[in-house]
1. Once you charge only the Cβ atoms, +1 for Lys and Arg and -1 for Asp and Glu, what is the size of the charge dipole of the chain about its Cα centre, to the nearest 20 debye?
2. With every protein chain kept in place and ligands, DNA and RNA left out, what is the accessible area per residue of segment 44-84? Probe 1.4 Å, answer in Å².
3. Considering only protein heavy atoms and a 1.4 Å probe, what is the carbon-and-sulfur percentage of the accessible area of the chain?
4. Extent of segment 27-84 along each principal axis, from alpha carbon coordinates, in Å, largest to smallest?
5. Indicate the helices, whole DSSP H runs only, in the chain that combine a mean Kyte-Doolittle hydropathy of 0.0 or more with a Cα extent along their long axis of 20 angstrom or more.
Amino acid sequence: MTHTVHTATASAEQADLDLLAAARRRVKQLVGLLETLPFTERTARIAREYLHEAGPARDAFDRFAQLDAAEQQQQLRAWQKAAS
């Protein structure tokens with residue numbers, strides 16, 4: 001039973017890191033679009049999508065930031081292993 005709880009927690013932690021990685025990709029895309037003029041409807045759409053995702057990403061970041069450095073590194077290694 002403890003293993004199940006740990007697995008559920010690990011899945012939530014992985015989901016947070018997935019969300020943060022997606023937010024990072026989205027902000028890089030948005031910055032690239034914002035550096036070009038004129039702004040297009042696509043730029044506005046990407047900006048709206050980023051803002052829509054900002055709350056959940058901020059919450060995920062807050063949860064991750066509350067971990068000690070060793071736990072952060074352990075989660076990142078597990079996430080990178082799962083992503084490869």
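The values are calculated or read from the model by the stated rules, or taken from the named source; none is laboratory data. Values in this document were obtained by computation on a predicted structure and should not be read as measured data. No Cβ is skipped: glycine too gets one built from the backbone with ideal geometry, and neighbour counts run over all protein chains shown. When the accessible area is computed, the model is the full protein with side chains, heavy atoms only, and any ligands, DNA or RNA have been set aside. Shrake-Rupley method; radii C 1.70, N 1.55, O 1.52, S 1.80 Å.
1. 320
2. Dividing the accessible area of segment 44-84 by its residue count gives 75 Å².
3. 60
4. 45, 25, 16
5. 2-34
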